[in-house]
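The structure under discussion appears below in the form of structure tokens.
Read-outs: derived from the displayed coordinates by stated rules, not from any lab. Quantities reported herein were computed from a predicted structural model and do not represent experimental measurements. No Cβ is skipped: glycine too gets one built from the backbone with ideal geometry, and neighbour counts run over all protein chains shown.
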Ligand SMILES: [Zn+2]
Ligand SMILES: [Zn+2]
């Protein structure tokens, strides 16, 4: 996931700060949300800005070069904290170079992404589910429908820049007169002015409101899975395109089962006598009560598999299994009669003295030993 900042900006590892600045301005000219409405460009712009933010600062750059990382931006952290003066430079530079101005800057901006967390249980992971999610977000203003102007009014053309959105600046320098373009201060580069802003949204074209959405959660999702709902995030300023809603899932712990890949695993404890004689134990699964058959002579740590009752992997039909690990309970607190019976049993089996070594394979300790060997 970590992108190479030098690669992002298209400069070599030993580029000078000046070269880095030029590369950034060049990239930003085609990616800035004010000139490129494409959400993908906005995303790229964010990354490029973050790269620049790090590389333009010698300290941060050294840290990055040493592998210290960029100091990961949190989500939904609204982008890198770039200097506004860099953007200003960029537009001034761009217009100056081309000898003509940029067009007016549209008011529309893409809305932000929203992250919401929700908890589901293990049953939902097995079968998939739907969940209602309620959240506060920016929605389109129903009074002005995103135009930002009060009912019955419309924006008027800016007289300072004649609707172009920028003005010329003349400065005297040692090299002579310098003419640069700058965003028009009266209309902030929009080319028009909203004289009577919509009162419902204070001229933003959007308001905060509560929304409720039903989110489809497919079977097989994992703890931390994020479901992306395109265009369900904040509505943009002035009716700009909407951001996305990301729903991050937490899976609550289950009393009996835990998930291992596509399998559901649980421990079942049976009395020593059931393990020795065999038994059938009812087991509550997500598919109803199943019969767990314990064969005579079952050993501690032995596994019993119930095929096809586990989790379906994401976007696939086949389900995993339920795996039961047997725990054998040794009786305690024996009565006199029970002690007698066990002593007789022990004598019949010739088991009065414990064996050392020569243990049968497949016991719990062998399994543990095998696992350690695998590590
Ligand atoms: Zn409005
Ligand atoms: Zn203007």
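Summary table
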item: Residue in segment 168-175 that is more than 16 Å from ligand 1 (Cβ to nearest atom), outside any strand (DSSP E or B) and under 38 Å from the mean Cα position of the chain (by Cα) present; result: no
item: Test: residue in segment 195-218 that is away from ligand 1 (no atom under 16 Å from the Cβ) and either over 24 Å from the mean Cα position of the chain (by Cα) or part of a loop (DSSP other than H, G, I, E, B) (or both); result: yes
item: Among (1) in contact with a helix residue (DSSP H, G or I) (Cβ under 9 Å, 6 or more places away or on another chain); (2) under 29 Å from residue 113 (Cβ atoms); (3) buried (at least 17 other Cβ atoms within 10 Å of the Cβ) - the single one residue 129 does not satisfy; result: (3)
item: Single condition residue 181 does not satisfy, out of (1) in contact with a helix residue (DSSP H, G or I) (Cβ under 8 Å, 6 or more places away or on another chain); (2) within 16 Å of ligand 2 (Cβ to nearest atom); (3) not in a strand (DSSP E or B); result: (3)
item: Members of segment 187-210 that are surrounded by fewer than 13 Cβ atoms within 10 Å (Cβ to Cβ) and either within 16 Å of ligand 2 (Cβ to nearest atom) or in contact (Cβ under 8 Å) with a residue 60 or more places away in the chain (or both); result: 195, 208, 210
item: Residues being on the phi < 0 side of the Ramachandran plot and away from ligand 1 (no atom under 13 Å from the Cβ) - total across segment 121-153; result: 16
